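The values are calculated or read from the model by the stated rules, or taken from the named source; none is laboratory data. From a predicted model like this one, the values you see are computed outputs, not experimental measurements. We place every Cβ from the backbone using ideal geometry, glycine too, and count neighbours over all the protein chains shown. Heavy atoms of the whole protein, side chains included, go into the accessibility calculation; ligands, DNA and RNA do not. Shrake-Rupley method; radii C 1.70, N 1.55, O 1.52, S 1.80 Å.
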Amino acid sequence: MVTIKQALNNASSLQQHSDSWRLDAELLLAAAIQQQRGYLFTWPDEEISAEQLQLFQQYCARRSKGEPIAYILGRQAFWDFDLMVNPHVLIPRPETELLVEFAIELLPTEQFKKADILDLGTGSGAIALALASTNPNWQLTAVDRSGRALAVARENAQELKLGNIEFRQASWCDGLAPEQFDLIVANPPYVRSGDEHLAQGSLPFEPVMALVAEENGLADIRSIAQQCKYCLKKDAWLLIEHGYDQKDEVAKLLHESAYQNIECIQDLAKLDRMTKAQYPGQAG
Ligand code: GLN
(Lines give C-alpha, C1' and ligand atoms only; values in the text may rest on other atoms or scores of the structure.)
Protein backbone atom coordinates (compact mmCIF):
# COMPACT_ATOMS: atom_id res chain seq x y z
CA MET A 1 0.00 0.00 0.00
CA VAL A 2 1.09 3.54 -0.69
CA THR A 3 0.52 6.62 1.46
CA ILE A 4 -0.39 10.09 0.20
CA LYS A 5 3.15 11.29 0.93
CA GLN A 6 4.74 8.39 -0.91
CA ALA A 7 2.47 8.78 -3.94
CA LEU A 8 3.43 12.45 -4.20
CA ASN A 9 7.15 11.74 -3.85
CA ASN A 10 6.94 8.98 -6.47
CA ALA A 11 5.52 11.51 -8.94
CA SER A 12 8.82 13.42 -9.07
CA SER A 13 9.35 12.15 -12.62
CA LEU A 14 6.87 14.88 -13.62
CA GLN A 15 9.73 17.27 -12.90
CA GLN A 16 11.08 16.76 -16.41
CA HIS A 17 7.80 17.88 -17.92
CA SER A 18 6.50 20.66 -15.72
CA ASP A 19 7.98 23.63 -13.83
CA SER A 20 5.18 23.26 -11.32
CA TRP A 21 5.41 19.47 -10.99
CA ARG A 22 4.80 19.34 -7.23
CA LEU A 23 1.64 21.44 -7.47
CA ASP A 24 0.54 19.43 -10.51
CA ALA A 25 1.02 16.18 -8.60
CA GLU A 26 -0.93 17.52 -5.63
CA LEU A 27 -3.85 18.64 -7.80
CA LEU A 28 -3.92 15.31 -9.64
CA LEU A 29 -3.72 13.23 -6.46
CA ALA A 30 -6.41 15.29 -4.76
CA ALA A 31 -8.66 14.68 -7.77
CA ALA A 32 -7.83 10.95 -7.83
CA ILE A 33 -8.85 10.54 -4.18
CA GLN A 34 -11.74 13.03 -4.53
CA GLN A 35 -10.53 15.35 -1.80
CA GLN A 36 -9.48 18.98 -1.55
CA ARG A 37 -5.76 19.67 -1.91
CA GLY A 38 -5.48 20.61 1.79
CA TYR A 39 -6.43 17.03 2.72
CA LEU A 40 -3.04 15.85 1.42
CA PHE A 41 -1.16 17.93 3.99
CA THR A 42 -3.50 17.04 6.84
CA TRP A 43 -3.34 13.27 6.22
CA PRO A 44 0.06 12.60 4.55
CA ASP A 45 0.32 9.10 6.09
CA GLU A 46 -3.09 7.91 5.00
CA GLU A 47 -3.01 5.00 2.58
CA ILE A 48 -4.72 5.30 -0.78
CA SER A 49 -6.50 2.43 -2.52
CA ALA A 50 -5.06 0.53 -5.49
CA GLU A 51 -7.74 2.09 -7.76
CA GLN A 52 -6.91 5.59 -6.58
CA LEU A 53 -3.20 4.96 -7.15
CA GLN A 54 -3.90 3.65 -10.65
CA LEU A 55 -6.03 6.69 -11.49
CA PHE A 56 -3.33 9.02 -10.14
CA GLN A 57 -0.71 7.27 -12.26
CA GLN A 58 -2.90 7.61 -15.35
CA TYR A 59 -3.29 11.33 -14.66
CA CYS A 60 0.50 11.70 -14.22
CA ALA A 61 1.16 9.82 -17.48
CA ARG A 62 -1.13 12.26 -19.34
CA ARG A 63 0.58 15.24 -17.69
CA SER A 64 3.98 13.80 -18.72
CA LYS A 65 2.82 14.02 -22.33
CA GLY A 66 2.16 17.72 -21.84
CA GLU A 67 -1.62 17.63 -21.44
CA PRO A 68 -2.72 20.65 -19.38
CA ILE A 69 -3.97 20.01 -15.84
CA ALA A 70 -7.24 21.80 -16.73
CA TYR A 71 -8.10 19.21 -19.38
CA ILE A 72 -7.07 16.27 -17.20
CA LEU A 73 -9.25 17.50 -14.33
CA GLY A 74 -11.91 19.02 -16.62
CA ARG A 75 -11.93 22.14 -14.44
CA GLN A 76 -10.23 25.55 -14.39
CA ALA A 77 -10.47 28.30 -11.77
CA PHE A 78 -11.58 31.61 -13.28
CA TRP A 79 -12.87 34.74 -11.55
CA ASP A 80 -14.54 33.44 -8.40
CA PHE A 81 -15.67 30.09 -9.69
CA ASP A 82 -14.49 26.79 -11.04
CA LEU A 83 -15.41 26.25 -14.69
CA MET A 84 -15.92 23.00 -16.54
CA VAL A 85 -13.54 22.83 -19.51
CA ASN A 86 -12.71 20.32 -22.21
CA PRO A 87 -10.54 20.37 -25.37
CA HIS A 88 -13.35 22.12 -27.32
CA VAL A 89 -12.70 25.34 -25.39
CA LEU A 90 -9.65 27.46 -24.68
CA ILE A 91 -8.49 27.20 -21.05
CA PRO A 92 -9.44 30.53 -19.46
CA ARG A 93 -6.34 32.60 -18.66
CA PRO A 94 -5.67 34.97 -15.74
CA GLU A 95 -5.14 37.81 -18.29
CA THR A 96 -8.76 37.39 -19.30
CA GLU A 97 -9.84 37.98 -15.69
CA LEU A 98 -8.29 41.39 -16.12
CA LEU A 99 -10.44 41.93 -19.22
CA VAL A 100 -13.47 41.24 -17.02
CA GLU A 101 -12.27 43.85 -14.51
CA PHE A 102 -11.92 46.48 -17.23
CA ALA A 103 -15.28 45.51 -18.74
CA ILE A 104 -16.92 46.18 -15.37
CA GLU A 105 -15.34 49.66 -15.33
CA LEU A 106 -16.99 50.42 -18.67
CA LEU A 107 -20.47 49.55 -17.39
CA PRO A 108 -22.91 51.70 -15.40
CA THR A 109 -22.00 51.85 -11.71
CA GLU A 110 -25.62 52.23 -10.51
CA GLN A 111 -26.46 48.82 -9.07
CA PHE A 112 -29.94 48.57 -10.59
CA LYS A 113 -29.20 50.01 -14.01
CA LYS A 114 -29.73 47.53 -16.81
CA ALA A 115 -27.06 46.83 -19.43
CA ASP A 116 -26.96 44.59 -22.49
CA ILE A 117 -23.59 42.95 -22.99
CA LEU A 118 -22.35 40.79 -25.85
CA ASP A 119 -19.47 38.30 -25.48
CA LEU A 120 -18.09 37.16 -28.85
CA GLY A 121 -16.34 33.78 -29.03
CA THR A 122 -17.42 32.87 -25.52
CA GLY A 123 -15.73 29.42 -25.42
CA SER A 124 -16.22 28.05 -21.88
CA GLY A 125 -18.34 31.14 -21.18
CA ALA A 126 -15.68 32.53 -18.83
CA ILE A 127 -16.07 36.25 -19.57
CA ALA A 128 -19.85 36.20 -19.98
CA LEU A 129 -20.38 34.18 -16.81
CA ALA A 130 -18.08 36.42 -14.77
CA LEU A 131 -20.03 39.49 -15.93
CA ALA A 132 -23.42 37.82 -15.46
CA SER A 133 -22.49 36.89 -11.90
CA THR A 134 -21.33 40.44 -11.09
CA ASN A 135 -24.73 42.08 -11.59
CA PRO A 136 -28.06 40.35 -12.18
CA ASN A 137 -29.31 43.48 -13.98
CA TRP A 138 -26.79 42.92 -16.74
CA GLN A 139 -28.16 40.78 -19.55
CA LEU A 140 -25.49 38.76 -21.37
CA THR A 141 -25.57 37.38 -24.88
CA ALA A 142 -22.78 34.85 -25.43
CA VAL A 143 -21.95 33.83 -28.98
CA ASP A 144 -19.71 31.09 -30.34
CA ARG A 145 -19.34 29.48 -33.74
CA SER A 146 -18.66 26.10 -32.13
CA GLY A 147 -21.69 24.15 -30.92
CA ARG A 148 -19.38 22.02 -28.77
CA ALA A 149 -17.98 25.11 -27.05
CA LEU A 150 -21.51 26.41 -26.45
CA ALA A 151 -22.43 23.12 -24.80
CA VAL A 152 -19.60 23.70 -22.30
CA ALA A 153 -20.66 27.32 -21.71
CA ARG A 154 -24.30 26.31 -21.19
CA GLU A 155 -23.31 23.65 -18.69
CA ASN A 156 -21.22 26.18 -16.77
CA ALA A 157 -24.14 28.65 -16.69
CA GLN A 158 -26.40 25.91 -15.35
CA GLU A 159 -23.91 24.87 -12.70
CA LEU A 160 -23.55 28.47 -11.57
CA LYS A 161 -27.34 28.98 -11.73
CA LEU A 162 -26.98 32.10 -13.83
CA GLY A 163 -30.16 32.98 -15.70
CA ASN A 164 -29.20 36.38 -17.13
CA ILE A 165 -27.31 34.87 -20.03
CA GLU A 166 -28.46 33.74 -23.45
CA PHE A 167 -26.39 31.62 -25.83
CA ARG A 168 -26.30 31.76 -29.62
CA GLN A 169 -24.39 29.84 -32.22
CA ALA A 170 -23.05 32.29 -34.79
CA SER A 171 -19.91 33.61 -36.40
CA TRP A 172 -19.19 36.90 -34.61
CA CYS A 173 -22.14 39.28 -35.06
CA ASP A 174 -23.93 37.30 -37.79
CA GLY A 175 -27.69 37.61 -37.36
CA LEU A 176 -27.52 39.91 -34.33
CA ALA A 177 -28.41 43.27 -35.94
CA PRO A 178 -30.61 45.23 -35.28
CA GLU A 179 -29.88 44.28 -31.65
CA GLN A 180 -27.56 46.76 -29.98
CA PHE A 181 -25.44 46.48 -26.87
CA ASP A 182 -23.97 48.72 -24.17
CA LEU A 183 -20.70 46.79 -24.26
CA ILE A 184 -19.13 44.15 -26.48
CA VAL A 185 -16.25 42.02 -25.17
CA ALA A 186 -14.19 39.47 -27.05
CA ASN A 187 -11.20 37.22 -26.57
CA PRO A 188 -10.89 36.14 -30.21
CA PRO A 189 -8.22 34.01 -31.84
CA TYR A 190 -5.21 36.21 -32.52
CA VAL A 191 -2.13 33.98 -32.80
CA ARG A 192 -0.36 33.91 -36.21
CA SER A 193 -0.39 30.54 -37.93
CA GLY A 194 3.10 29.08 -37.61
CA ASP A 195 3.83 31.09 -34.42
CA GLU A 196 6.33 29.19 -32.27
CA HIS A 197 4.08 29.60 -29.18
CA LEU A 198 1.60 27.19 -30.74
CA ALA A 199 4.02 24.36 -29.98
CA GLN A 200 4.46 25.41 -26.33
CA GLY A 201 2.68 24.84 -22.99
CA SER A 202 -1.02 24.11 -23.22
CA LEU A 203 -1.46 25.45 -26.77
CA PRO A 204 -0.89 22.17 -28.70
CA PHE A 205 -3.85 20.70 -26.77
CA GLU A 206 -6.22 23.65 -27.26
CA PRO A 207 -8.68 24.20 -30.14
CA VAL A 208 -6.91 25.80 -33.09
CA MET A 209 -10.07 27.70 -33.99
CA ALA A 210 -9.89 29.51 -30.65
CA LEU A 211 -6.21 30.41 -31.06
CA VAL A 212 -5.18 31.02 -34.65
CA ALA A 213 -6.32 33.73 -37.06
CA GLU A 214 -5.40 34.51 -40.66
CA GLU A 215 -3.71 37.78 -41.69
CA ASN A 216 -0.94 37.50 -39.11
CA GLY A 217 -3.45 36.83 -36.36
CA LEU A 218 -5.58 39.88 -37.18
CA ALA A 219 -8.37 38.56 -39.43
CA ASP A 220 -10.90 37.94 -36.66
CA ILE A 221 -10.14 41.19 -34.87
CA ARG A 222 -10.73 42.96 -38.19
CA SER A 223 -14.10 41.23 -38.67
CA ILE A 224 -15.12 42.03 -35.10
CA ALA A 225 -14.15 45.70 -35.46
CA GLN A 226 -16.16 46.00 -38.68
CA GLN A 227 -19.23 44.08 -37.53
CA CYS A 228 -19.56 45.42 -33.98
CA LYS A 229 -20.24 48.96 -35.24
CA TYR A 230 -23.74 47.83 -36.15
CA CYS A 231 -24.32 46.20 -32.78
CA LEU A 232 -23.12 48.96 -30.44
CA LYS A 233 -25.39 51.64 -28.99
CA LYS A 234 -24.18 55.22 -29.46
CA ASP A 235 -20.98 55.81 -27.45
CA ALA A 236 -20.87 52.19 -26.29
CA TRP A 237 -17.54 50.36 -25.90
CA LEU A 238 -15.82 47.45 -27.56
CA LEU A 239 -13.17 45.74 -25.40
CA ILE A 240 -11.01 43.20 -27.14
CA GLU A 241 -8.09 41.00 -26.07
CA HIS A 242 -5.13 40.71 -28.47
CA GLY A 243 -1.50 39.64 -28.75
CA TYR A 244 1.25 41.50 -26.87
CA ASP A 245 2.65 42.85 -30.16
CA GLN A 246 -0.61 43.78 -31.91
CA LYS A 247 -1.41 47.08 -30.19
CA ASP A 248 -0.68 49.35 -33.16
CA GLU A 249 -2.32 47.12 -35.77
CA VAL A 250 -5.45 46.71 -33.64
CA ALA A 251 -5.64 50.49 -33.09
CA LYS A 252 -5.33 50.99 -36.85
CA LEU A 253 -8.16 48.55 -37.60
CA LEU A 254 -10.40 50.23 -35.04
CA HIS A 255 -9.55 53.66 -36.37
CA GLU A 256 -10.38 52.58 -39.93
CA SER A 257 -13.80 51.47 -38.69
CA ALA A 258 -14.35 54.96 -37.15
CA TYR A 259 -14.04 54.03 -33.49
CA GLN A 260 -12.85 56.74 -31.11
CA ASN A 261 -11.01 56.96 -27.76
CA ILE A 262 -8.95 53.91 -28.70
CA GLU A 263 -6.78 52.92 -25.76
CA CYS A 264 -4.54 49.94 -25.11
CA ILE A 265 -4.50 48.38 -21.64
CA GLN A 266 -1.56 46.38 -20.26
CA ASP A 267 -1.83 43.18 -18.26
CA LEU A 268 -0.10 42.56 -14.93
CA ALA A 269 3.06 41.48 -16.79
CA LYS A 270 3.06 44.95 -18.46
CA LEU A 271 2.25 43.45 -21.85
CA ASP A 272 -0.13 45.24 -24.23
CA ARG A 273 -3.02 42.83 -23.80
CA MET A 274 -6.34 44.47 -24.72
CA THR A 275 -7.76 47.56 -26.35
CA LYS A 276 -10.94 49.48 -25.67
CA ALA A 277 -12.62 51.69 -28.26
CA GLN A 278 -15.84 53.69 -28.28
CA TYR A 279 -18.22 53.85 -31.19
CA PRO A 280 -19.79 57.29 -31.66
CA GLY A 281 -22.77 56.00 -33.66
CA GLN A 282 -23.56 56.16 -37.36
CA ALA A 283 -23.18 59.63 -38.84
CA GLY A 284 -26.34 61.27 -40.24
N1 GLN B 1 -3.37 34.38 -24.82
C2 GLN B 1 -3.43 33.06 -25.37
C3 GLN B 1 -2.04 32.48 -25.46
O4 GLN B 1 -1.26 32.84 -26.28
C5 GLN B 1 -4.11 33.04 -26.72
C6 GLN B 1 -5.55 33.31 -26.55
C7 GLN B 1 -6.23 33.69 -27.83
O8 GLN B 1 -5.78 33.46 -28.93
N9 GLN B 1 -7.34 34.31 -27.66
O10 GLN B 1 -1.72 31.65 -24.65
Label model pair ALA199, LYS234: point-to-point distance (7 angstrom along the Cα→beta-carbon line) in nm is 5.4
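Please report the carbon-and-sulfur percent of the accessible area for the range 224-277; probe 1.4 Å, protein heavy atoms only, DNA, RNA and ligands left out. Intermediate values should be presented prior to the final figure.
Details: 1290 of 2670 Å².
Of all accessible area on the range 224-277, carbon and sulfur atoms account for 48 percent.
Can you give the FRET efficiency to the nearest 0.05 for GLU214 and SER13, using r as the Cβ-Cβ distance and R₀ = 45 Å?
Details: r = 40 Å, r/R0 = 0.89.
Using R0 = 45 Å, I get an efficiency of 0.65.
Viscosity 0.890 mPa s, temperature 25 °C: what is the translational diffusion coefficient of the chain from Stokes-Einstein with a Kirkwood Rh over Cα pairs, rounded to a whole number of µm²/s? Show your work: numbers first, answer last.
On the way: Rh = 20.3 Å.
Result for D is 121 µm²/s.
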Here the gain from full extension of VAL2 to ALA151, 0.36 nm per residue of separation minus their alpha-carbon distance, amounts to 49.7 nm
In degrees rounded to 10, the 0-90 angle between helix 94-105 Cα long axis and the longest Cα principal axis of the chain is 40
With all protein chains present, the range 110-193 has a carbon and sulfur share of its accessible area (1.4 Å probe) in percent of 46
Any residue on another chain or 5+ positions along whose placed amide H is under 5 Å from the amide H of PHE78 is listed here as LEU83
Heavy-atom accessible area per residue of the chain, all protein chains kept, 1.4 Å probe, expressed in Å², is 50
The simple spin-label model distance between CYS264 and GLN36, using points 7 Å out along Cα→Cβ, in nm, is 4.2
Residue-ordered couplings for the range 143-150, obtained by feeding phi - 60° into the Karplus form 6.51 cos²θ - 1.76 cosθ + 1.60 and rounding to whole Hz (Gly and Pro as x), are 10, 8, 6, 8, x, 5, 5, 4
Highest mean packing first, using Cβ neighbours within 10 angstrom, the peptides 172-181, 86-95 sort as 86-95, 172-181
In degrees, nearest 10, the alpha-carbon axis of helix 50-64 is tilted away from the dominant principal axis of the alpha carbons of the chain by 50
In this structure, among LYS161/LYS233; LYS114/LYS234; LYS65/LYS270; LYS252/LYS276; LYS229/LYS270, pairs with alpha-carbon gaps over 21 Å are LYS161/LYS233; LYS65/LYS270; LYS229/LYS270
So the angle from the long Cα axis of helix 247-256 to the longest Cα principal axis of the chain, reported in degrees to the nearest 10, equals 30
